Amino acid sequence: MTTMYDDTKQYEGTLTPYPHEERGSERGRAKDPVKFLLATEQRARERQVAYETVKILRKRVIECYRKEGVNHYDNCKKPVADYYDVIIKKDLGQVQPKWENPEKMDGW
């Protein structure tokens, strides 16, 4: 049977920041190179998830505008609010680790 008419499933929990390893100095080697590479890959995955989330929310807004036509001002407030709440966040709501020096890692 098709799942087209089922409600969309959403994750109900909260995501915790992932473990990470920072560089040893400004231009130096990382204290643990393997952990540093794993943390870099995880940040890239988190960033891609944030981008895809924005794409999905944008698609929902466009679909609502097309479906509702001239009534989109009244009927599309929720998708627009969801989209707006995500795009105004720093790094599009990407999960960030706890940096030792947050100012240094602004936007990594």
Worksheet, complete the sentence: GLY24 meets each of (1) modelled with pLDDT of 70 or more; (2) under 29 Å from LYS98 (Cα atoms); (3) surrounded by 10 or more Cβ atoms within 10 Å (Cβ to Cβ) with one exception, condition (1)
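In the stretch 66-80, is there at least one residue being among the aliphatic types (A, V, I, L, M) and modelled with pLDDT of 90 or more?
Pass one, the stretch 66-80, residues among the aliphatic types (A, V, I, L, M): 70, 80.
The next check asks that each one be modelled with pLDDT of 90 or more; those that pass are 70, 80.
Looking for residues that are among the aliphatic types (A, V, I, L, M) and modelled with pLDDT of 90 or more, one finds at least one in the stretch 66-80, hence yes.
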Worksheet item: Tell me, which helices (runs of 4 or more DSSP H) wholly within the stretch 33-99 include 1 or more residues that are open to solvent by less than 50 Å² (accessible area, probe 1.4 Å) and aliphatic (A, V, I, L, M)?
Response: 33-68, 77-87
Worksheet item: Exactly one of (1) within 19 Å of THR8 (Cβ to Cβ); (2) free of Cβ contacts under 8 Å to residues at least 12 places away in the same chain is unmet by TYR84. Its number?
Response: (1)
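The values are calculated or read from the model by the stated rules, or taken from the named source; none is laboratory data. Fair warning: this is a prediction, and the values are worked out from it, not measured in the lab. Reconstructed Cβ throughout: ideal geometry from the backbone, glycine too, with neighbour counts over all protein chains shown. Just so you know, the surface numbers come from the protein's heavy atoms only, side chains and all, with ligands and any DNA or RNA stripped out. Shrake-Rupley method; radii C 1.70, N 1.55, O 1.52, S 1.80 Å.
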